[in-house]
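Remarks on the structure that follows.
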Amino acid sequence: MLELRLVQGSLLKKVLESIKDLVNDANFDFSSSGFSLQSMDSSHVALVALLLKSEGFEHYRCDRNTSMGMNLGNMSKMLKCAGNDDIITIKGDDGSDTVTFMFESPTQDKIADFEMKLMDIDSEHLGIPEAEYHAIVKMPSAEFARICKDLASIGDTVVISVTKEGVKFSTRGDIGTANIVLRQNTTVDKPEDATVIEMNEPVSMTFALRYMNSFTKATPLSNTVTISMSPDLPVVVEYKIAEMGYVRFYLAPKMEE
Amino acid sequence: GSKQSTITKFFNKV
């Protein structure tokens, strides 16, 4: 028996919108502490890791660990039918081949049930090692989205370099080059507007902008984004979900041949 | 030029 009631249902809608274009289908792993998902995109260049802890739910019941394979496009279609203010409940029964999404309007005058077919997914689970990163940049998520979008109009790849001067995003394409430098800036009115650069060692890595732009679909989930880099490790682009968990995107670097 | 690496180059199956 599985029953999860999320008062802020829009969060789940936003989570789906942020990952559904990257990953077609994935296993949702439910346990008593919350639910998680880990999946690579079809080309194995990017990986998404989602965690939503049980504390963030108004009601959370999961009698035993269970994994449900869902097509994210289909799940997104169903969640789009929920209003932004709706309470969303996910329900499942042991051994069933369906999952039910229940949407309740805030005034309880409209209640909808959507039952979705589950699927068997052969997914490989990867161990993500704990790492000490050379550099961690925390910045406003909207600024990061703007930079990725702007650079993608010039080139296909971005070089992200962190030095003690700041963080530099560079690209080059047929029409020319672009460099955007952000300096650490903590003298802001609101903490979420700050750019904070933690650098142990300088680092410079190259990534495909197409993927970075896909990750920025998670911007509505969080005012800030954290970018963690070490040479010879995938970059981690993390959007924290307040009080509940995170969506983390890992992107393999482009490397010199 | 540079070549796109994959996640599985860095993280192992568990």
Can we say A:Thr206 is within 13 Å of another protein chain (Cβ to nearest Cβ) and within 30 Å of A:Leu37 (Cβ to Cβ)? yes
Looking at (1) surrounded by fewer than 16 Cβ atoms within 10 Å (Cβ to Cβ); (2) touching a His at 6+ places or on another chain (Cβ under 7 Å), which is the only condition A:Val203 fails? (1)
If the requirement is being within 24 Å of B:Ser2 (Cβ to Cβ), touching a helix residue (DSSP H, G or I) at 6+ places or on another chain (Cβ under 7 Å), modelled with pLDDT of 95 or more and polar (S, T, N, Q), which of these qualifies: A:Thr157, A:Thr219, A:Thr224, A:Thr163? A:Thr157
Does A:Ser230 qualify as being among the small types (Gly, Ala, Ser) and more than 23 Å from A:Ser39 (Cβ to Cβ)? no
Taking the condition of being more than 14 Å from chain B (Cβ to nearest Cβ), free of Cβ contacts under 8 Å to residues at least 40 places away in the same chain and either within 30 Å of A:Pro202 (Cα to Cα) or not in a strand (DSSP E or B) (or both), how many residues in the range A:110-134 meet it? 1
Given the structure, is A:Glu201 within 23 Å of B:Phe10 (Cβ to Cβ), at pLDDT 95 or above, charged (D, E, K, R) and assigned to a loop (DSSP other than H, G, I, E, B)? yes
Looking only at residues that are within 27 Å of A:Lys20 (Cβ to Cβ) and acidic (Asp, Glu) in the range A:220-245, which one is surrounded by the fewest Cβ atoms within 10 Å (Cβ to Cβ)? A:Glu243
Taking only the range A:141-158 into account, find how many residues are within 14 Å of chain B (Cβ to nearest Cβ) and in a helix (DSSP H, G or I). 0
All strands (runs of 3 or more DSSP E) inside the range A:1-109 with 3 or more residues being farther than 27 Å from B:Ser5 by Cβ, more than 14 Å from every other protein chain (Cβ to nearest Cβ) and at pLDDT 95 or above: A:2-6, A:25-31, A:59-62, A:66-71, A:87-92, A:98-104
So A:Tyr211, is it of a type outside the set (Asp, Glu) and within 14 Å of chain B (Cβ to nearest Cβ): yes
Checking A:Glu104 against (1) over 25 Å from the mean Cα position of the chain (by Cα); (2) more than 30 Å from A:Asn65 (Cβ to Cβ), only one condition comes out false. Which one? (2)
Considering the range A:200-249 alone, what residues qualify as being more than 9 Å from the chain's Cα centre (by Cα) and free of Cβ contacts under 8 Å to residues at least 40 places away in the same chain? A:Asp232, A:Ala242
Going through (1) under 29 Å from A:His44 (Cβ atoms); (2) away from chain B (no Cβ under 14 Å); (3) in a strand (DSSP E or B); (4) touching a Gly at 6+ places or on another chain (Cβ under 8 Å) one by one, A:Val137 fails only at (4)
Test set (1) in a loop (DSSP other than H, G, I, E, B); (2) at negative phi - A:Ser161 fails condition number: (1)
Does the range A:178-195 contain any residue that is in a strand (DSSP E or B) and in contact (Cβ under 8 Å) with a residue 60 or more places away in the chain? no
Condition check for A:Lys217: surrounded by 15 or more Cβ atoms within 10 Å (Cβ to Cβ) and in a strand (DSSP E or B): no
Surrounded by 14 or more Cβ atoms within 10 Å (Cβ to Cβ), within 14 Å of chain B (Cβ to nearest Cβ), of a type in the set (A, V, I, L, M, F, W, C) and on the phi < 0 side of the Ramachandran plot - does that describe any residue in the range A:178-197? no
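The values are calculated or read from the model by the stated rules, or taken from the named source; none is laboratory data. This one's a predicted model, so the numbers in the text were calculated from it and none came from an experiment. Virtual Cβ from ideal backbone geometry, glycine too; neighbours counted across all protein chains shown.
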